[in-house]
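The values are calculated or read from the model by the stated rules, or taken from the named source; none is laboratory data. Values in this document were obtained by computation on a predicted structure and should not be read as measured data. Cβ placement follows ideal geometry from the backbone for every residue including glycine, while neighbour counts extend to all protein chains displayed. Surface accessibility is based on the protein's heavy atoms, side chains included, excluding ligands, DNA and RNA. Shrake-Rupley method; radii C 1.70, N 1.55, O 1.52, S 1.80 Å.
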Amino acid sequence: MEDNKHLSGIEKIKTSSDHLRGEITESLKDEITGAIREGDQALIKFHGMYQQDNRDRREERAAKKLDRLYSFMIRLRLPGGLISAPQWIAMHHIAGEKSTGVIKITTRQTVQLHGIVKSSIKPTIASFNAAMLDSIATCGDINRNITCTAHPGQSPLHAEIFGYADAISTMLMPKTKAYYEIWLDQEKLVDKKEEADPLYQDRYLPRKFKIGIVIPPNNDIDVLTNDLGLIAITENNELTGFNVAIGGGMSTTHGNAATYARLGTVIGFVPKGDDIMKVIYEIVTVQRDYGNRSDRKLARLKYTVDKVGADWYKTEVEKRSGITIAPAKPYSFTGRHDNYGWAKNHEGKWYYTAYVASGRITDDEDQAIKSALFEVAETGLASFRFSGNQNVIVSDVAEKDKASITAILDKYNVTGYTQSASPLRKNALACVALPTCPLALAEGQRYMPVLLSKIEPLLARYGLEKEPIIMRMTGCPNGCARPGAAEISLVGTAPGRYNLHLGGDRAGTRLNTIYREHLDEQEILGTLDKLFAGYKVDREAAETFGDYALRKHVATV
Amino acid sequence: MLAEPKLTQFLNLLKDASPEDVAWIKGYLAGLTAPAATGAAPVGGVHKVTIAYGTETGNSKRLAADFAARAKKTGIHARVVNLEQYRLTDLPKEEYFLTIISTQGEGEPPESAKKFYDHLHNNGFKLDKLKYSVLALGDTSYPLFCKAGEDIDEQFQRLGGSRIAEIRRCDVEYDDDASQWINTILDKLSTAAAEPVTAGVTAPAAEKKSTGKKSYTGTVISNVDLNDRGSNKATYHIEIAADDVEYEPGDAFGIVPENPVTAVEKILSLSGGTLPDRVITYKNESYTIGDLLRYKLNISHLITPVIKRYADLTGKTITATKYDLPDLLQAHPVKDTEQFVSMLGMLNPIAPRLYTMSSSPAAHGGEVHTIVAKDSFTVDGRTKLGLCSNFLGALPEGTTVNFFVQKNKRFRLPAPERDIIMIGPGTGIAPFRSFLAERDATDAKGRNWLFFGEQHFATDFLYQTELQTWFETGVLTKISLAFSRDQPEKIYVQHRMWEHADELYQWIAGGAHVYLCGKKDPMSTDVEETLLKIIETKGEKTPEAAVDYFQQMKNEGKFSEDVY
Ligand code: SRM
Ligand SMILES: Cc1cc2nc3c(=O)[nH]c(=O)nc-3n(C[C@H](O)[C@H](O)[C@H](O)COP(=O)(O)OP(=O)(O)OC[C@H]3O[C@@H](n4cnc5c(N)ncnc54)[C@H](O)[C@@H]3O)c2cc1C
Ligand SMILES: Cc1cc2nc3c(=O)[nH]c(=O)nc-3n(C[C@H](O)[C@H](O)[C@H](O)COP(=O)(O)O)c2cc1C
Ligand code: SF4
């Protein structure tokens, strides 16, 4: 294609990588550095790993003539965010022995371990493998972890929906055996035909590809921010199929006007079963063939859709799949909140949704949630599930075991903390950012709790402390905490400085708009104080803060 | 205006030139006319340049390495430095200084180059000697294209530097532009490259005359603990400026430590009231008692004879054989001032300590660098500190120190084309940093293989970044590392040597010189045994023949050690 004349460097790395093998095995042997070779850094992403370094320690180590403190982050593949009790126990031990010890729940319902040194990568993956866990394709230019509504209220459909998450994840897995050869020392393939890959070929996708499946009315996973969003459609509580939305994405780049956040465009309805699977497959192949492979900043599906047009894209998919995409069916979203505390599902099983600040499972002064969940796992009486809001749901608890599980959660103040945390806090998201994220321009999860403690009093001043306003923070405009879809969002521009965006709606169907740029903490608090004051007096009956801000402020920016 | 036929040739050239070609021609012509335009000093006969890079994702670094490689071919030695590591005080000394730097953030320099960038902009110093050029990496999709590079280019100009070529800005596809910039620079530098090497640059070691124990005065310009937080060790890298200093790689730095003030005060408090400024003579020189105790007399780890003499003087029966003076006076006080004064006369002077230098005259002119391990030990339950290592470790930058050079004729680099094998765990790395720097600066062609070991890779890898640069630029041919405590079983350098026995023996059989430096026990004995074992098994020799072979190596100066 026109704009693929000059392929980006990564494209060359992919095609010449012998199906994601590159020189990784040799890289691991380089004694003189804790890092791996340039090209391999792009390849290990496809195996679910990122090379990082502790940015807090750079300057001091440089003075000591020591190289950067390199380590690796591993992201697990958990379609739908489900994990069993034995797997939890394994993960708990691996985190303690091989990583920083913090188990980080991500905004896409999986977990990351940070700080794994080069020599520990293989042992770590081996231990995960023993627990039937892997990190294949959780990063890289390929289909990522598939998200799924986690909310037990929707559970009549859950079994079926999780089934789809799994089936799609399997259908879109790369065929290469590199992961097993490199990390698990399995026999080298003799017959390379075994890994011929009709979907990804040798070039994979132009960019990461994300799929989410939502069960209305709760849009807890922010379905419209995915490259491909599936909205479950039901008739008298039976799943009939999905409305398909394409071209969602949050990321922008400061100072690069060609980049923008976008919500998915609903192109129509497809019945469940083979039809939806075929359509999904071809949506991916069209992006594979038409996506921009020269400029990675413009390579996501959202740019492809705007380039070729949603209708053309739809027709092309129909052509390739031989399936006609029907007009979309009606649906509506009411919110994106997790419903905290105990909830019972249709089979009478119990679910406890616990609030985990920025998804960091570790024992701190608020709650000893890491110990709590480990003890719960050891009883073997529950399984676990992650939500797209970086929280954990203790799942599938039988009526008779509810009391003993509650006792454990009480003992470590999990229940206490979940009850006492403010609605603002419980609906907030923050990305990882410093010190591990190489792209961070400002703090994220380390700073959000501090800032929230300063914002809560402002809300209280105007009696707004009960408002479940959705506020999100990211350390850079890549948008890992989906800031574009928040009522209030802070996007890092430089250390201690953020752009303030306002006016997203509560259900995640409207993007927000930039309101003020490059604010420091004082300016953030000052600005919010004025906004809350105005909201208190000018708000129309039951108007959300996002709607208010749009009406009074950003609409006029 | 060109005259025929030049004009037609020129137009033909342009006719079928691609946009890239035209851009190149433009850049090339700009390059040609640049010096005149910017009043650059005429260049020629250049043999040493510094190429500094500032990078975030490694592109600039790669280009710097390319440059060095291509410069070497044209006989120019390019020292590659990461701006993150660059010592700002060196800048005024630079003559040919090339910078490759990318732009990050919103027109900012890479994090690793911020210190350098700010230094350039903040300080009002002059760089009249500086002849420079900048290669700026960037991305036209950003509003502030190549801003960081441009800033540096202009700032050098302001500070009095002169461009040897115009700045070149590169977009994401930087290869062509970059290699054209490199061509332009190498062109200019190697004009008249035929000129002889100016003395000093690669003056052969032999020509320098021995300086014996001549005493030098220098200033501490840097004192850093190279071990990271969480290490069990503290190893100080100390840089001392002394313009007139003369030494060769392999020599040691000698210094007489001062006694700690606290110890001196304790002694005076046990002196029966002697005034610190009372003047007495010691070995025919007069000092105040205060100075004598602080700078001259050894008061720690008294040797048994001294303790005996003290017993006789005071008429006490003293059984213990190990004493520091304060403890001795505490346990067995003097009768009176006079006894105290005569006791002082019995003490030995403080012995100088030696530290093998880790700097090279060719690379670190006018400076000596040493690496000092903090020594601490326990004597009947109390933790004590080694005198000199802790004196040196505590020296603030700016302190003036007196030192001497301890020649080590038996520890010298061989002819430039010879291969060398360097075995230096812990502080034993010192002379090998000197060797590598010297061989780098003088473009010695021989291969260099280093064996280094310490406790932990993450915290104890002494000189890691410098070794990495030498490895990337090919100066360090091979490096084998043993970090003893990063795995359940202890691994030391001798284990790595054994793992590489075949190759090691090939090097030795091929005439490589083997050097060993560091702690005597148990390291050096273990290493020597391993070497012998390798010679025996890989050289298929009888034990006796192996011993002879090893002895022969020593006689021919092919095995030298500096162990302590
Ligand atoms: C862990 C997580 C944030 C969190 O605190 O939970 C995260 C963390 C990172 N994201 Fe993200 N992203 C995470 C969800 C997202 C989301 C939200 C979502 O998908 O629902 C987005 C916005 C939606 C989208 O994709 O548009 C997102 C958009 C990005 C981007 C921008 C992609 C683009 O279109 O340009 C990058 C940068 C890139 O890919 O070049 C990025 C890159 C990164 C990296 C890997 C930085 C890097 O490339 O080296 C971050 C690792 C930091 C660290 O130290 O852990 N991350 N990232 C989330 C992991 C999700 C998962 O389990 O897979
Ligand atoms: C040629 C040569 C090169 C060297 N190069 C280096 C180098 O590059 N780097 C480096 O770090 N070192 C080097 N050394 C060693 C260095 O010279 C010193 O020996 C070392 O720093 C210890 O000196 P110190 O004054 O700190 O300790 P000292 O005070 O001299 O103590 C040294 C040892 O004496 C014993 N001791 C001292 N006081 C007492 C007491 N009261 N009771 C019992 N025992 C006691 C302890 O075992 C202690 O470890 C080199 C030595 C030589 C000979
Ligand atoms: C976060 C980020 C910000 C950047 N900002 C700029 C910029 O402001 N101006 C520019 O010319 N290039 C900018 N670039 C592009 C880089 O300079 C370009 O990728 C360069 O090749 C990197 O070289 P390096 O690997 O040596 O750092 C930016 C790149 C990144 C990743
Ligand atoms: S938003 Fe930016 S800073 Fe935060 S994790 Fe993602 S990439 Fe890193």
So residue B:341, is it under 20 Å from residue B:267 (Cβ atoms), exposed (fewer than 13 other Cβ atoms within 10 Å of the Cβ) and β-branched (Val, Ile, Thr)
no
Residue A:486 fails exactly one of (1) more than 30 Å from residue A:72 (Cβ to Cβ); (2) open to solvent by 20 Å² or more (accessible area, probe 1.4 Å), namely (2)
Selection from the stretch A:429-454 of residues open to solvent by less than 10 Å² (accessible area, probe 1.4 Å), in contact with a helix residue (DSSP H, G or I) (Cβ under 6 Å, 6 or more places away or on another chain) and more than 12 Å from ligand 1 (Cβ to nearest atom) yields A:452
- residue A:38 vs. criteria within 11 Å of another protein chain (Cβ to nearest Cβ), open to solvent by 50 Å² or more (accessible area, probe 1.4 Å) and not aliphatic (A, V, I, L, M): yes
All conditions in (1) more than 9 Å from ligand 3 (Cβ to nearest atom); (2) closer than 19 Å to residue B:85 by Cβ; (3) modelled with pLDDT of 90 or more are true of residue B:156 except (2)
Among helices (runs of 4 or more DSSP H) completely within the stretch A:402-467, the ones holding 3 or more residues that are away from chain B (no Cβ under 14 Å), among the hydroxyl-bearing types (Ser, Thr, Tyr) and more than 16 Å from ligand 2 (Cβ to nearest atom) are A:414-420
Screening B:459, B:469 for residues that are within 12 Å of chain A (Cβ to nearest Cβ) and over 19 Å from residue B:68 (Cα atoms) leaves only B:459
When every residue in the stretch B:411-456 that is farther than 22 Å from residue B:504 by Cβ and not hydrophobic (A, V, I, L, M, F, W, C) is compared, the one surrounded by the fewest Cβ atoms within 10 Å (Cβ to Cβ) is B:443
From the option list B:534, B:491, single residue qualifying as open to solvent by less than 40 Å² (accessible area, probe 1.4 Å) and either charged (D, E, K, R) or over 30 Å from the mean Cα position of the chain (by Cα) (or both) is B:534
Within 14 Å of another protein chain (Cβ to nearest Cβ) and within 16 Å of ligand 4 (Cβ to nearest atom), is that true of residue A:482?
no
With the first residue restricted to the stretch B:250-264 and required to be closer than 16 Å to residue B:518 by Cα, and the second required to be of a type in the set (Phe, Trp, Tyr), Cβ contacts under 7 Å at 6 or more apart or on different chains are B:250/B:411; B:252/B:355; B:253/B:355; B:253/B:403
Original post:
Out of all the residues in the stretch B:254-277, is one or more away from every other protein chain (no Cβ under 14 Å) and within 30 Å of residue B:414 (Cβ to Cβ)?
Top reply: yes
The residue from A:302, A:314, A:278, A:297 that alone is within 14 Å of chain B (Cβ to nearest Cβ), closer than 20 Å to residue A:227 by Cβ and not in a loop (DSSP other than H, G, I, E, B) is A:297
In the set A:285, A:253, the lone residue that is within 14 Å of chain B (Cβ to nearest Cβ) and either open to solvent by less than 10 Å² (accessible area, probe 1.4 Å) or within 16 Å of ligand 3 (Cβ to nearest atom) (or both) is A:253
_Filter result for residue A:487 (more than 30 Å from residue A:55 (Cα to Cα), among the acidic types (Asp, Glu) and at pLDDT 95 or above)_ = yes
**Item:** Any hit, the stretch A:360-382, residues being part of a strand (DSSP E or B) and crowded, with 23+ Cβ neighbours inside 10 Å
**Value:** yes
A careful count of residues in the stretch B:450-504 that are in contact (Cβ under 8 Å) with a residue 60 or more places away in the chain and closer than 28 Å to residue B:536 by Cβ gives 4
For the stretch A:512-534, state whether one or more residues are within 27 Å of residue A:229 (Cα to Cα), of a type outside the set (S, T, N, Q) and either assigned to a loop (DSSP other than H, G, I, E, B) or touching a residue at least 12 places away in the same chain (Cβ under 8 Å) (or both). yes
Sole miss for residue A:339 among (1) at pLDDT 95 or above; (2) within 18 Å of residue A:82 (Cα to Cα) is condition (1)
Within the stretch B:475-498, is even one residue away from chain A (no Cβ under 14 Å), of a type in the set (A, V, I, L, M) and part of a helix (DSSP H, G or I)?
-> yes
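Matching residues to (1) within 14 Å of chain B (Cβ to nearest Cβ); (2) in a loop (DSSP other than H, G, I, E, B); (3) away from ligand 1 (no atom under 13 Å from the Cβ):
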{"site": "A:133", "(1), (2), (3)": "no, yes, yes"}
{"site": "A:137", "(1), (2), (3)": "no, yes, no"}
{"site": "A:150", "(1), (2), (3)": "no, yes, yes"}
{"site": "A:164", "(1), (2), (3)": "no, no, yes"}
{"site": "A:168", "(1), (2), (3)": "no, no, yes"}
{"site": "A:194", "(1), (2), (3)": "no, no, yes"}
{"site": "A:199", "(1), (2), (3)": "no, yes, yes"}
{"site": "A:207", "(1), (2), (3)": "no, yes, no"}
* Do we find a residue being in contact with a Cys (Cβ under 7 Å, 6 or more places away or on another chain) and either closer than 16 Å to residue B:470 by Cα or more than 16 Å from ligand 1 (Cβ to nearest atom) (or both) anywhere in the stretch B:90-103? -> yes
Note: among A:61, A:68, just one is within 16 Å of ligand 3 (Cβ to nearest atom), at pLDDT 95 or above and either over 27 Å from the mean Cα position of the chain (by Cα) or over 18 Å from residue A:125 (Cβ atoms) (or both), namely A:68
